[in-house]
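Here the structure is laid out as structure tokens; the discussion comes afterwards.
The values are calculated or read from the model by the stated rules, or taken from the named source; none is laboratory data. Predicted model, so just to flag it, every value in this text is computed and none were measured. Cβ atoms come from the backbone with ideal geometry, glycine included; neighbour counts cover every protein chain shown.
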Amino acid sequence: MPLTVLTKEDARVIVVEQTAFGTAGLDNAAGIILDIETVAFDFDDKVVESNPAVASRVEDDRGFFTHQNRAMPKVEITGIVHNDHIARFMYGFFQSVTEAVGSPFGKTFIPHASQPDFTANAGYFFTLIIDQSVASVAHKVADMVVAELKFDQQPGEPLKYTASCVGRGPVAIDSNPSGSYTRAVQSLYFGENQLTHTIDFGGGALTPINAGGFQIEFAQTVEAVGMDGSGSFNTYMLKKKGGSYKEKALFDATSRTAFANRAANTPVDITVKWGNASSGTVDLDLNFALHGKIKPETTQNVDDLLGIDIDAKLTGDIENSTAMATVIVADDTDMTW
């Protein structure tokens, strides 16, 4: 009998813009193809399981019922950061953006000050299609937002991301994507090419000698709200937005400042920047400006190289209107956001 074997090379992950919450992007709508390394999928099907007394010691069909009511499917994507697509994930997480007029259309993201009304098409959401190169079996998830967004930079390697996205309603499993799809321009961000990498422990910006890469994590709680009468929920509630910054630094006077800072409970400001000094003014600019507190997990490590594992919790200074994170991306793409 014929045997079809599909591999990752036969699949593609497509992002399609949505114009209305609750209406998935069309199969023939234009979109972008993500350069992904892995993708993990969870339909979020539900189970109702009981043990009915039906005069039989064998489990009965009616004791096991699967359904897709209130489904919040989850898709986790990993890949290399290209600035042509990372802005979409930024907006999907932060839900607040200011886009400059004119090229290179610098986009500034900060955590949203209030809950966006998705039902009124506010905020940002998108359709994700996972195409397996077989007719009528592509998976399509609508109304997707980003629950977690992580970045990992290792020595000698480009900046990588993991985007954990959630959608609304049952997954369509019979899509036939046929739109015009473009791939991102290859734009790699190596740690060795950073313009700025500093930590201000309270006495001015210092530049630690990075000895083992760094990680940035943004996370928020996404919960379903309401009942829409057709098996799904009305909208999302986004709350408890936070994150972390971790770095392995050389054991020296700069990195040891972290211990004094932790004891004094002084906020820290962290800047990781590529591109132009004035972020957002040149294509391919990428700037992470982070604020938070040093955590007790910050400690000395004794590996081949004596170092300090710096661990910071990202927080906002509400009283002084300081955001936990401000991210600027210039991608020369007018998203009209």
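Brief remarks on what is shown
- Only one of ASN69, ASN51 that is exposed (fewer than 12 other Cβ atoms within 10 Å of the Cβ) and on the phi < 0 side of the Ramachandran plot: ASN51
- Tally, over segment 231-277, of residues that are assigned to a loop (DSSP other than H, G, I, E, B), more than 28 Å from the chain's Cα centre (by Cα) and buried (at least 18 other Cβ atoms within 10 Å of the Cβ): 0
- Reported count of residues in segment 210-230, each being over 16 Å from the mean Cα position of the chain (by Cα), modelled with pLDDT of 95 or more and among the hydrophobic types (A, V, I, L, M, F, W, C), is 4.
- Scanning segment 34-86 for residues that are polar (S, T, N, Q), in contact (Cβ under 8 Å) with a residue 60 or more places away in the chain and more than 30 Å from THR182 (Cβ to Cβ) yields GLN68, ASN69.
- Single condition VAL225 does not satisfy, out of (1) among the aliphatic types (A, V, I, L, M); (2) touching a Phe, Trp or Tyr at 6+ places or on another chain (Cβ under 9 Å); (3) surrounded by 16 or more Cβ atoms within 10 Å (Cβ to Cβ); (4) within 30 Å of THR127 (Cβ to Cβ): (3)
- Of everything listed in (1) touching a Gly at 6+ places or on another chain (Cβ under 8 Å); (2) of a type outside the set (Phe, Trp, Tyr); (3) at pLDDT 90 or above; (4) outside any strand (DSSP E or B), the single unmet condition for ASP44 is (1).
- Among the residues of segment 47-74, those that are closer than 14 Å to PRO170 by Cα and not in a strand (DSSP E or B) comprise GLN68, ASN69, ARG70, ALA71, MET72, PRO73.
- Meets criteria (farther than 23 Å from GLY92 by Cα and part of a loop (DSSP other than H, G, I, E, B)) for ASP304: yes
- Single unsatisfied condition, GLN132 versus (1) farther than 26 Å from MET237 by Cβ; (2) surrounded by fewer than 20 Cβ atoms within 10 Å (Cβ to Cβ); (3) in contact with a Gly (Cβ under 9 Å, 6 or more places away or on another chain): (3)
- Pairs are defined by a Cβ separation below 6 Å, a sequence spacing of at least 6 or placement on different chains, a first member in segment 320-335 that is loosely packed, with under 14 Cβ neighbours inside 10 Å, and a second member that is assigned to a loop (DSSP other than H, G, I, E, B) and among the hydrophobic types (A, V, I, L, M, F, W, C); the pairs so defined are ASP334/PHE105.
- The set of residues in segment 72-113 that are hydroxyl-bearing (Ser, Thr, Tyr), surrounded by fewer than 20 Cβ atoms within 10 Å (Cβ to Cβ) and within 29 Å of ASP228 (Cα to Cα) contains only SER96.
- Here ASN193 fulfils each of the conditions (1) surrounded by fewer than 19 Cβ atoms within 10 Å (Cβ to Cβ); (2) at pLDDT below 95 apart from (2).
- Odd one out for VAL282 among (1) modelled with pLDDT under 95; (2) in a loop (DSSP other than H, G, I, E, B); (3) under 27 Å from the mean Cα position of the chain (by Cα): (1)
- Top-ranked residue of segment 15-41 - restricted to ones that are assigned to a strand (DSSP E or B) and not aliphatic (A, V, I, L, M), ranked as farthest from the chain's Cα centre (by Cα): GLY31
- Residues of segment 295-308 that are buried (at least 18 other Cβ atoms within 10 Å of the Cβ) and touching a residue at least 60 places away in the same chain (Cβ under 8 Å): GLY307, ILE308.
- For the residues VAL141, VAL166, the requirement of being touching a Lys or Arg at 6+ places or on another chain (Cβ under 7 Å), closer than 21 Å to MET90 by Cα and either at pLDDT 95 or above or surrounded by fewer than 21 Cβ atoms within 10 Å (Cβ to Cβ) (or both) singles out VAL166.
- Among residues of segment 133-150, those that are in a loop (DSSP other than H, G, I, E, B), touching a strand residue (DSSP E or B) at 6+ places or on another chain (Cβ under 7 Å) and of a type in the set (A, V, I, L, M, F, W, C), counted: 1
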